[in-house]
Protein chains: 4
Amino acid sequence: MNEVEQQFASDNYAGICPDAWAAMDEANRGHATAYGADQWTAKASDAFRDLFETRCEIFFAFNGTAANSLVLASLCQSYHSVICSDSAHIETDECGAPEFFSNGSKLLLAPSTNGKLTAGAIRSIATKRSDIHFPKPRVVSITQPTEMGEVYTVDEIRAISEVCRELGLRLHMDGARFANACASLDCSPAEMTWQAGVDVLCFGGTKNGMAFGEAVIFFDSSLAADFDYRCKQAGQLASKMRFLAAPWVRMLGNGSWLRNAAHANACARRFAEAAAHVPRVHLISKVEANAVFLKMPESMMEELRSRGWVFYTFIGGGARFMFAWDSLPVRINALVEDLKDLGRSVV
Amino acid sequence: MNEVEQQFASDNYAGICPDAWAAMDEANRGHATAYGADQWTAKASDAFRDLFETRCEIFFAFNGTAANSLVLASLCQSYHSVICSDSAHIETDECGAPEFFSNGSKLLLAPSTNGKLTAGAIRSIATKRSDIHFPKPRVVSITQPTEMGEVYTVDEIRAISEVCRELGLRLHMDGARFANACASLDCSPAEMTWQAGVDVLCFGGTKNGMAFGEAVIFFDSSLAADFDYRCKQAGQLASKMRFLAAPWVRMLGNGSWLRNAAHANACARRFAEAAAHVPRVHLISKVEANAVFLKMPESMMEELRSRGWVFYTFIGGGARFMFAWDSLPVRINALVEDLKDLGRSVV
Amino acid sequence: MNEVEQQFASDNYAGICPDAWAAMDEANRGHATAYGADQWTAKASDAFRDLFETRCEIFFAFNGTAANSLVLASLCQSYHSVICSDSAHIETDECGAPEFFSNGSKLLLAPSTNGKLTAGAIRSIATKRSDIHFPKPRVVSITQPTEMGEVYTVDEIRAISEVCRELGLRLHMDGARFANACASLDCSPAEMTWQAGVDVLCFGGTKNGMAFGEAVIFFDSSLAADFDYRCKQAGQLASKMRFLAAPWVRMLGNGSWLRNAAHANACARRFAEAAAHVPRVHLISKVEANAVFLKMPESMMEELRSRGWVFYTFIGGGARFMFAWDSLPVRINALVEDLKDLGRSVV
Amino acid sequence: MNEVEQQFASDNYAGICPDAWAAMDEANRGHATAYGADQWTAKASDAFRDLFETRCEIFFAFNGTAANSLVLASLCQSYHSVICSDSAHIETDECGAPEFFSNGSKLLLAPSTNGKLTAGAIRSIATKRSDIHFPKPRVVSITQPTEMGEVYTVDEIRAISEVCRELGLRLHMDGARFANACASLDCSPAEMTWQAGVDVLCFGGTKNGMAFGEAVIFFDSSLAADFDYRCKQAGQLASKMRFLAAPWVRMLGNGSWLRNAAHANACARRFAEAAAHVPRVHLISKVEANAVFLKMPESMMEELRSRGWVFYTFIGGGARFMFAWDSLPVRINALVEDLKDLGRSVV
């Protein structure tokens, strides 16, 4: 089978990074106790506690949809609601998983610029209704970085968590690309999360270079009660857990989680800088992580496609390019060249 | 980290077999389209169609709890019920997952000998109530091999499917160890499933030597409608699907799925034959797959544990030993020797 | 206990009309078989079949939230979605009941003028996404009359049902005030429903003058399969069903269902005509049923309240007045006089 | 329409008692605020607080299935389980409603004699499993009186609540016929409930002589948090709540709740005493409330039916007779006479 030539449609197109692979290989020696009672799982949990400099509770789920939904279900009863951006992944790309796992919790959507919630928008939605005919707000969910590739500053997160505390809301961070946000901001994982008031984080492994797996991190351990039962019942307890856990041990241990993300971010910046000079091409959002959103004429996107490039488009008109831990400069250059060529020629 | 010395507590203690590992390695070259739109997923689906000699619809889930529950949820509405053995995994070891995924479908338990349902027991349960105050029977679920390690013959399955057809019930086979049943019976996968009247099969990969992953196989493709949406919503759609799919391509292709199972079964037989001659030790169920259930005095089990052996016990008193694709003769011999030694000495 | 002086905050403030009361009294003679196997339930079902001039399937639920949600749950799987107006009762005032009953079906909201969906808006929403990462549209739900008191014409309903048929969607009508729509339009119940392409109707009894109870009417009887089980499981099967059913027998039989609604509609028109002449007061939507929505200065609403009037306000600024089967001209006049008085004096 | 001649198949065959009817009539004067913000609902709640001599939180649901299921859903998460008798109504006659409302909580069944749970049986079930592969026990549910018409003594309830406290379980009482238990035991409602350790009671109104309606009484008010939202979302919030509430005001106020139950109980005793002397007829359970269970030959039951009597039979062979607030001595005598006649003649 021939490998597919690199595209920048999704960071999910990339495979398993060498460190994750080596860790799985190492974990594959002999037998290990099932369902997370193995030493890899224990070590991975400790590695997270070291990274976040706090006693936190760690669980592993197979993918981000499950991780986010399980967290929301654990924080909400069915008659509660979750405040999120109108472009949040939990709203636009999880096929109703949060509502399914929570047995009906409603998502309340805040109009947002490039995916960022603000304290003001949260307050406005949370205080709009207080009668029993409408689901009671219970959680705020932010995506870091946002679906448009922007990164909340620590101050922005702190402002959000303050309004959450004031209004009795919990704060969830969807960190499918949390590593990219860490590589982007000059702060520690602790500063960006629990020190800024985040209650629960979903820390993405898949887009960071693993085969599968997201870590769910409860900074308030009282919220983690029985979460293991919830994972089990929802089909998210891996029997051979070591293969979800071992990659974290190595990647958190040797820093490759951050290097992978930094590489992807750098690729995005490099591409964005080149693309920004192409006639009729405009950056739509700030390039602060590994995503680049370009506004360009429809005809130009068609031409790009006819030259073999694969990418997602979005409502309003534009193209998304995502960079991964393994993005190749040569392919980025090729994409830039094609863009430039089209910028010159297309009328 | 030191590897754990082989135990026979669970076939989940084993790691990834060489063929599954090589397949993941091969699939890890370069990029691939996400969410199952890759060539590995297509090839794995075709490999199942070849193996089962029919046009069937294939989906991949992360684990067996999810695979079983998604199937039951797709066959049932919330007010339906599922007839299964009182020792069925879906009843005893999935933490209410079937009820959770289906939003309330009830399991109706048939008392069973060594986990086997019979046509008579199904009829009796299915016809006991027909008023709206009790959930309407909709599905029969059998485990092949059973949780007690016995294997339904093709005739037994056919007798069950006949009563299902007569009563308007669908037939689901939980095949977490389906390969072991195939290695045990002298028949083709097709004969044991759709030709015998099975509607949907969950074919276990994890216990067969993979890291993760079960295949859901709909033999009646009308039942598969929208199952992809169901998987996605329930957090069971892998973004890097190729790593769930590729092991099947190789293992179904080169026969290692069956060899792995045959090895495990042979280990179980070998152990059972030796154990059966130990004084005060008795086989509880027939050894037809990779499980051996032994009745022995409580004191003997304690002695075994004090010698470092790990195993599950069960209600009624006894010990379970499960053999895997990698079970080592030397460890089996060591266990047998310890048993014999205890058989001689324990009073 | 003193009775509360009539308000026009909600048509739910009204009690049981004389015909409904007399029917309950009559049904209360002696014993009757429970759970709907009584003659009143049979007669009520036949009365609906006469009214709608077709063989339809009838079920009774305790309230409108349950009736709507049960219907949506029966038409949808959890990964489906329902297209409705952004002001639909199922979205704004049922506390997530549709999502709860359906175990996660998402409501897709169309921006609407005065609550009316259009064929164009439906098509736009239904065709926006077709990938498995977003819930699959399955049902369109319209409220007749809308929450803003406007009535879909038969042609408008037909246009909607045509796009539904084309796109494979089912059409649900939330008729909490269906009688008011019938009294408003010059057409038969049949013309406004199944002849115009409606698949299922929730026909409200409570606001029509009963103590409790809504009828669910399936015009396509294949959709009604097992709906009785669904009602039972969801706590909507009345043991003393005759008391839900008997009022329908009498009220459909002697036409009081329509007279009650016509009275309420006439009160709304009468009030609206008078209010429209008050300075600084404006009608927001057409008065086609029993609701009147008035835009007026905030100070004026405060003054009204200080004079003892109770009413709901809505986002954007304005007051809602609802009229019931028993609305008293003298109270309407009193409200009009207060409005006029405030219109003259408030600056 | 002719009334049906009195049968003793179910106490649901009886209609609305005069006090409940008069209360609804009185409540039907004029307007009242909707959704429970009316004076009848406030007065009914106070009446319960007086009756139970404590500050408790009161909610109203339409029927017993909903009341029980809402309570269990509020006490459990989806991965929890509920311990109950194998003949509990929540298990045998609610069509999976508890599992539906709770999104999957499993019922763990204790074999029981005449429906009574014991502290020993609870302990045995609750401690059988403590791993995450099986739903975690969270609630014990007892039916008072049991489905077989026996009444738990205060000491029995206290013994159960003690084991509940010890094991961290909540205690729910399904009191669909709670009034009958009160009339049977020489104790106050307080002694039988919160003073004996019951956390939540569902107090049945329907079988006590109302048209519809059950009261949910939380003795631990922290458990009642947001229960109003839960009722609303589940379609159990009556808009014209006064008609559910007013009957309680009058019936608790003037003692008719207890007189109704005492009458029914007396009828049951009277019938049981006569039936016990009929040849080949045997009492199966103690007659402590309004139910009488008779074992008799199948041929005798057929003869009874052919003489026009309607009754339920049960697994194992026997007939159930239930007496209501309005059971007529003349009809009881007629039934006794028929039984005696058959006892003499049938061979």
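For the stretch C:117-156, a residue qualifies if it is under 16 Å from C:Lys106 (Cβ atoms) and touching a strand residue (DSSP E or B) at 6+ places or on another chain (Cβ under 6 Å), and the qualifying residues are C:Ile122, C:Ile125, C:Ala126, C:Pro135, C:Lys136, C:Pro137, C:Arg138, C:Val139, C:Val140, C:Ser141.
Kindly establish whether C:Trp40 is touching a Lys or Arg at 6+ places or on another chain (Cβ under 6 Å) and at pLDDT 95 or above. Yes, satisfied.
Working only within the stretch A:1-21, note down all residues that are of a type in the set (Gly, Ala, Ser), farther than 16 Å from B:Arg29 by Cβ and more than 7 Å from chain B (Cβ to nearest Cβ). Reasoning before the result, please.
Let us first name the residues in the stretch A:1-21 that are of a type in the set (Gly, Ala, Ser), namely A:9-10, A:14-15, A:20.
From what's left, farther than 16 Å from B:Arg29 by Cβ: A:9-10.
Within the stretch A:1-21, A:Ala9 is the sole residue that qualifies.
Scanning the stretch A:126-139 for residues that are more than 8 Å from chain C (Cβ to nearest Cβ), surrounded by 20 or more Cβ atoms within 10 Å (Cβ to Cβ) and outside any strand (DSSP E or B) returns a single hit, A:Ala126.
Return a yes/no flag: does the stretch C:38-51 have any residue that is part of a loop (DSSP other than H, G, I, E, B) and over 17 Å from the mean Cα position of the chain (by Cα). I'd like the intermediate steps shown before the answer.
Looking only at the stretch C:38-51, we keep the residues that are part of a loop (DSSP other than H, G, I, E, B), and these are C:38.
Now restrict to residues that are over 17 Å from the mean Cα position of the chain (by Cα): C:38.
So far as the stretch C:38-51 goes, yes, one or more of its residues are part of a loop (DSSP other than H, G, I, E, B) and over 17 Å from the mean Cα position of the chain (by Cα).
Entry remark, the stretch C:26-37: residues being at the interface with another protein chain (Cβ under 8 Å from one of its Cβ atoms) and either surrounded by fewer than 20 Cβ atoms within 10 Å (Cβ to Cβ) or of a type in the set (Asp, Glu) (or both) number 5 in total.
When the stretch C:102-125 is filtered for residues that are within 13 Å of chain A (Cβ to nearest Cβ) and modelled with pLDDT under 95, only C:Pro111 remains.
Annotation note: Cβ proximity below 7 Å between a residue of the stretch A:100-112 that is more than 14 Å from A:Ile83 (Cβ to Cβ) and a residue that is among the acidic types (Asp, Glu) and buried (at least 20 other Cβ atoms within 10 Å of the Cβ) (sequence gap 6+ or interchain) occurs for A:Gly104/C:Glu99. Return yes or no: is A:Thr41 under 20 Å from B:Phe243 (Cβ atoms) and in contact with a strand residue (DSSP E or B) (Cβ under 9 Å, 6 or more places away or on another chain)? Taking the combined requirement at face value, the residue satisfies it. Taking the stretch C:1-25 as the region of interest, how many residues are loosely packed, with under 15 Cβ neighbours inside 10 Å and hydroxyl-bearing (Ser, Thr, Tyr)? Residues that pass the stated criteria total 0. Among the residues of the stretch B:56-68, at least one is crowded, with 24+ Cβ neighbours inside 10 Å, of a type in the set (S, T, N, Q), free of Cβ contacts under 8 Å to residues at least 60 places away in the same chain and under 29 Å from B:Arg320 (Cα atoms). Within the stretch C:170-192, residues that are over 20 Å from C:Phe323 (Cα atoms) have Cβ atoms under 6 Å from residues that are of a type in the set (Gly, Ala, Ser) and part of a loop (DSSP other than H, G, I, E, B) in these pairs: C:Leu171/C:Gly197, counting only partners at least 6 apart in sequence or on another chain.
Out of D:Glu91, D:Glu147, D:Glu99, report the one residue that is surrounded by 24 or more Cβ atoms within 10 Å (Cβ to Cβ), within 14 Å of chain C (Cβ to nearest Cβ) and of a type outside the set (A, V, I, L, M, F, W, C). Give the derivation first.
Working: D:Glu91 fails: surrounded by 24 or more Cβ atoms within 10 Å (Cβ to Cβ); D:Glu147 fails: within 14 Å of chain C (Cβ to nearest Cβ).
The match here is D:Glu99.
If I filter the stretch B:278-287 for residues that are over 20 Å from the mean Cα position of the chain (by Cα), hydroxyl-bearing (Ser, Thr, Tyr) and at pLDDT below 95, do I get at least one hit? No, the conditions are met nowhere in the stretch B:278-287. Go through the stretch B:211-264 and give me each residue that's more than 14 Å from every other protein chain (Cβ to nearest Cβ), over 16 Å from B:Asp19 (Cβ atoms) and of a type in the set (Ser, Thr, Tyr). Result: B:Ser221, B:Ser222.
Give the residues of the stretch A:57-78 that are among the polar types (S, T, N, Q) and either within 13 Å of chain B (Cβ to nearest Cβ) or in contact with a Leu (Cβ under 8 Å, 6 or more places away or on another chain) (or both), sorted by residue number. Lay out the reasoning, then the answer.
Filtering the stretch A:57-78 down to residues among the polar types (S, T, N, Q) leaves A:63, A:65, A:68-69, A:74, A:77-78.
Listed by number, the residues that qualify are A:Asn63, A:Thr65, A:Asn68, A:Ser69, A:Ser74, A:Ser78.
When the stretch C:5-29 is limited to residues that are under 21 Å from D:Asp38 (Cβ atoms) and among the charged types (D, E, K, R), the one that is modelled with the lowest pLDDT turns out to be C:Glu5. Within the stretch D:38-56, being away from every other protein chain (no Cβ under 11 Å) and not hydrophobic (A, V, I, L, M, F, W, C) holds for D:Thr41, D:Ser45, D:Asp46, D:Arg49, D:Asp50, D:Glu53, D:Thr54, D:Arg55. Scanning the stretch C:147-170 for residues that are closer than 14 Å to C:Lys116 by Cβ and not in a helix (DSSP H, G or I) returns C:Glu147, C:Met148, C:Gly149, C:Glu150, C:Val151, C:Tyr152, C:Thr153. Summed over the stretch A:179-209, the residues that are in contact with a strand residue (DSSP E or B) (Cβ under 9 Å, 6 or more places away or on another chain) and part of a loop (DSSP other than H, G, I, E, B) give a count of 7. As a summary of the residue check, B:Arg55 satisfies the conditions (1) under 18 Å from B:Leu244 (Cα atoms); (2) outside any helix (DSSP H, G or I); (3) basic (Lys, Arg) except for the one numbered (1).
May I ask you to verify whether D:Cys202 is more than 20 Å from D:Ala289 (Cα to Cα) and in the same structural domain as D:Phe59 (by TED's automatic domain parsing)? Don't jump to the end; show me each part of the working.
Values: more than 20 Å from D:Ala289 (Cα to Cα): no; in the same structural domain as D:Phe59 (by TED's automatic domain parsing): yes.
No; evaluated as a whole, the condition is false for this residue.
When the test is whether a residue is in a strand (DSSP E or B), hydroxyl-bearing (Ser, Thr, Tyr) and either within 11 Å of another protein chain (Cβ to nearest Cβ) or crowded, with 24+ Cβ neighbours inside 10 Å (or both), C:Ser81 passes it.
The values are calculated or read from the model by the stated rules, or taken from the named source; none is laboratory data. Remember, predicted model here, so these are calculated numbers, not experimental data. Cβ sites come from the backbone with ideal geometry, for glycine too, and all protein chains shown count toward neighbours.
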